[in-house]
1. Just subtract the alpha-carbon distance of Met100 and Gln226 from 0.36 nm times their residue separation and send over the number in nm, one decimal.
2. If you add up the charges near Lys156, with Lys and Arg at +1 and Asp and Glu at -1, over every other residue whose beta carbon is less than 13 angstrom from its beta carbon, what do you get?
3. Stokes-Einstein diffusion coefficient for the stretch 75-119 at 25 °C in a medium of 0.890 mPa s, Rh from the Kirkwood formula over Cα pairs: what value in µm²/s?
4. According to the Kirkwood expression over distinct Cα-Cα pairs, how big is the hydrodynamic radius of the chain, in Å?
5. Among the aspartates and glutamates, which have Cα under 19 Å from the Cα of Lys118 when same-chain residues fewer than 8 positions away are ignored?
6. In whole Hz, with x marking every Gly and Pro, tabulate ³J(HN,Hα) for the stretch 197-213 from phi via Karplus 6.51 cos²θ - 1.76 cosθ + 1.60, θ = phi - 60°.
7. Over the chain, what is the relative contact order in percent, taking alpha-carbon pairs closer than 8 angstrom and at least six residues apart?
8. Kindly provide the helix-only [θ] at 222 nm of the chain, computed as the sum of -39,500 (n - 2.57) over DSSP H runs of four or more divided by all residues, to the nearest 500 deg cm²/dmol?
Amino acid sequence: MEDKARIVGLYRYPVKGLSPEPLAEARLEAGGTFPWDRAFAIENGKHDFDPENPKHFPKIKFLMLMRDERLAKLKTRFDDATTTLHIAEDGEEKLAANLMSEEGRKALEDFMSSYMEKELRGSPRLVHAPGFSHSDAPAKLVSLINMASVRALEEKIGAHVHPLRFRGNVYLEGLTPFEDHDWVGKRFRLGDVELEGVHRIERCTATNVDPGTGARDMEIPKTLLQNWNNADLGLYAVVKTPGTIRPGDHIILD
């Protein structure tokens, strides 16, 4: 692998289904996720997530972009120090709520009760369990997106494909299209952090939603399937050694 292969972006999603947050760096622990990534989720319907005995649920249980594209119009920012989520719409802040407080959780639930009224199957409930990630993957993993794969997809679609449609943690430049798909079972380094590829990421219809406008304007899984005989784009990896990664860090395949 050439030295030009590198990290060009880091993102996390503190609340499942809500907007990405760019990071200047990410401190990773062995077997862990990005700090606060998918730490919270909003139940839409039955309230049966148990914080005392957390378990993985399919994403359809929660408010999520695949079905609830209006969520993309909300821009969020999470403050680690105060555990406060800030929500803005059209550039205007609509809510600032401490998600670790009962009052803050209720404030977010009340906001979603109004904003997502037509999409709700019951009262929304914010859920969280320390150390648990509401990722689409049951295990604690980090998701990688190969920018060359995104460009290859753009060529087939004939239009710009926003990379954040894929809601990844780490964006990589300097690879060949879908090269990362060959890393399953292999170890590699991002900066001083060692990871191991676990499995490709099968894309769902959430990628059809423009992350800026909330418009459902593309057929990405269908296009992938038609051109590459699968709907995969990206790689899930497990962190093997702790460390901090930053944009500009090089990728080294062991």
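Read-outs: derived from the displayed coordinates by stated rules, not from any lab. A quick note: this is a predicted structure, and the numbers were derived from the prediction, not measured. Every residue, glycine as well, gets a Cβ built from its backbone with ideal geometry; the counts of neighbours run over all protein chains shown.
1. Difference between extended and current length: 40.9 nm.
2. Neighbour charge sum, excluding Lys156 itself: -1.
3. 227
4. Computed over the chain, the radius equals 18.7 Å.
5. The qualifying aspartates and glutamates are Glu43, Asp68, Glu69, Glu89, Glu109, Asp110.
6. Working through the residues one at a time gives x, 10, 6, 5, 9, 7, 7, 10, 6, 4, 5, 6, 9, 5, x, x, 10 Hz.
7. Reported relative contact order: 28 percent.
8. Taken over the chain, the calculation gives -4000 deg cm²/dmol.
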